[in-house]
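What follows is a short report on a single structure.
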Amino acid sequence: MIIEIRRAGFINKGAELMLHAVVQRLRERYPEAKLTMAPIYGGADDTFDKMLKLNLYPKAWFWRKGIDFTQFIPNRLLKAYGLVTTNEIDIVIDAAGFSYSDQWGPASSRELSASSKKWKKNGTKLIMLPQAFGPYEKSNIIKYVKIWAENADLIFPREKDSYRYLTQLVGEKEKIKLYPDFTNLVKGTFPHGYDPTDKRIAIVPNYRMVDKTDLKTSQAYLPFLIKVVKYLVDRGLQPFLLVHEGKNDQILADKVSYAVGSVPIVKETDPLHIKGILGTCDATIGSRFHGLVSALSQGVPSLATGWSHKYQRLFEDYGFIEGLISVNDDDVVLYKKIDLLINPESSKPLCALLAKKSNELKELSEEMWERVFSVIDSVGPR
């Protein structure tokens, strides 16, 4: 059996964490299966090296301007380089996270609609793991969404907004069911020699709060981070900045650290290490979605600023909607919310609540995987 994992890769640490989550579950259930991924979904210079470490076979994939040019490459040449072809694949597992929406434009949905037609014809199953969908208001994307939604075998929106956006467009179907983000099942690890004793509250910046928000929010984000860290430093609570993504997040972290007197900055490239680090914290305040999932799923009290509906729904899932904050909140509101995390009389019951909710969501993720396995198990030999 050959299973393709798509749209999870090395674009960012959230995507990489999703890739680890999928690989772990598939290896446990189907140890003999060949797992493949298109290297083009990477974005990092060392994408191929990382694929080798995960024992992922490279898939031939070359799309430009909505055309699959891979079909024009002779199969004997593809085989000579060990590339898996579309026609060989039995199962496609899509773990895009957030790609098929007006916000990101029609290109991804156009490609998926064309690909899903070929998969349907070949008898290849398409499973779309929990991710954000929609909104769908632009005519240049709606027609493509309808096609891939028809061709998919399972579609899992990860919160109620995404479920509503999708089902309002294509109707409610048995194959469409809401499940939470599935990285909650992944266990974190630790970097060699990491010492958490002086790093108790993680501040996780996200440049998307600068380039994906309105002007007022964008301009307020850096001063907001500085204000948060300064408050924690003044309380003697050992905050540190955790760089979850790339150079722009690093720039934000550097500016904040400089402004408040050189608080520690941790930059980690392994998403499993990031999850492990977050699990050692007393609290987190962040804007990276999967950083927040990693903290909340381990019972770590967290506050979030976000740039899309997915943040609000995540905190609703964990029963802590008070954990959402705006960079434009006044100081009284902000400090009151930080105090929820750091005062023992409020943080202790909050930890208990998050642990309870985490167990409930993990049970749903296990249920989701059983549905995935039932589809995979139904695939016979080619």
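The values are calculated or read from the model by the stated rules, or taken from the named source; none is laboratory data. Here the structure is a predicted model, which means the values were calculated and not measured. Cβ sites come from the backbone with ideal geometry, for glycine too, and all protein chains shown count toward neighbours. Please note that ligands, DNA and RNA were not included when accessible areas were found on the heavy atoms of the full protein model with its side chains. Shrake-Rupley method; radii C 1.70, N 1.55, O 1.52, S 1.80 Å.
Determine whether the range 167-179 contains at least one residue that is open to solvent by 70 Å² or more (accessible area, probe 1.4 Å), touching a Lys or Arg at 6+ places or on another chain (Cβ under 8 Å), more than 23 Å from Pro106 (Cβ to Cβ) and modelled with pLDDT under 95. No - not one qualifying residue is present in the range 167-179.
Taking the stated definitions as given, is Trp148 over 30 Å from Phe240 (Cα atoms), touching a Ser or Thr at 6+ places or on another chain (Cβ under 7 Å) and aromatic (Phe, Trp, Tyr)? It is true that Trp148 is over 30 Å from Phe240 (Cα atoms), touching a Ser or Thr at 6+ places or on another chain (Cβ under 7 Å) and aromatic (Phe, Trp, Tyr). Scanning the range 195-211 for residues that are surrounded by 14 or more Cβ atoms within 10 Å (Cβ to Cβ) and not small (Gly, Ala, Ser) yields Pro196, Lys199, Arg200, Ile201, Ile203, Val204, Pro205, Asn206, Tyr207, Arg208, Met209, Val210. Evaluation of Leu129 against the conditions (1) open to solvent by less than 50 Å² (accessible area, probe 1.4 Å); (2) modelled with pLDDT of 95 or more; (3) farther than 30 Å from Arg208 by Cα shows that the sole unmet condition is (3). Being open to solvent by less than 50 Å² (accessible area, probe 1.4 Å), under 20 Å from the mean Cα position of the chain (by Cα) and among the aliphatic types (A, V, I, L, M) is the filter here; which residues of the range 74-123 pass it? Passing the criteria: Val92, Ile93, Ala95, Ala96, Leu112. Looking across Tyr258, Tyr221, one residue alone is among the hydroxyl-bearing types (Ser, Thr, Tyr) and open to solvent by 50 Å² or more (accessible area, probe 1.4 Å). It is Tyr258. Scanning the range 274-305 for residues that are at pLDDT below 95 and open to solvent by 10 Å² or more (accessible area, probe 1.4 Å) returns Arg288, Phe289, His290. Note on the range 115-223: enclosed strands (runs of 3 or more DSSP E) holding 1 or more residues that are closer than 30 Å to Gln250 by Cβ are 125-131, 201-204.
The selection criterion, being modelled with pLDDT under 95, farther than 30 Å from Tyr163 by Cβ, of a type outside the set (A, V, I, L, M, F, W, C) and out of contact with any His (no Cβ under 9 Å at 6 or more places or on another chain), does not hold for Ser257.
At least 1 residues being within 25 Å of Leu215 (Cβ to Cβ) and of a type in the set (Gly, Ala, Ser) is the threshold, and among the strands (runs of 3 or more DSSP E) wholly inside the range 243-327 those reaching it are 283-286, 302-304. Taken as a whole, the range 350-358 holds at least one residue that is over 28 Å from Tyr163 (Cβ atoms) and open to solvent by 60 Å² or more (accessible area, probe 1.4 Å).
Residues to consider are Leu17, Leu52; find the one that is at pLDDT 80 or above and either among the polar types (S, T, N, Q) or over 24 Å from Asn184 (Cα atoms) (or both). Answer to the check: Leu52.
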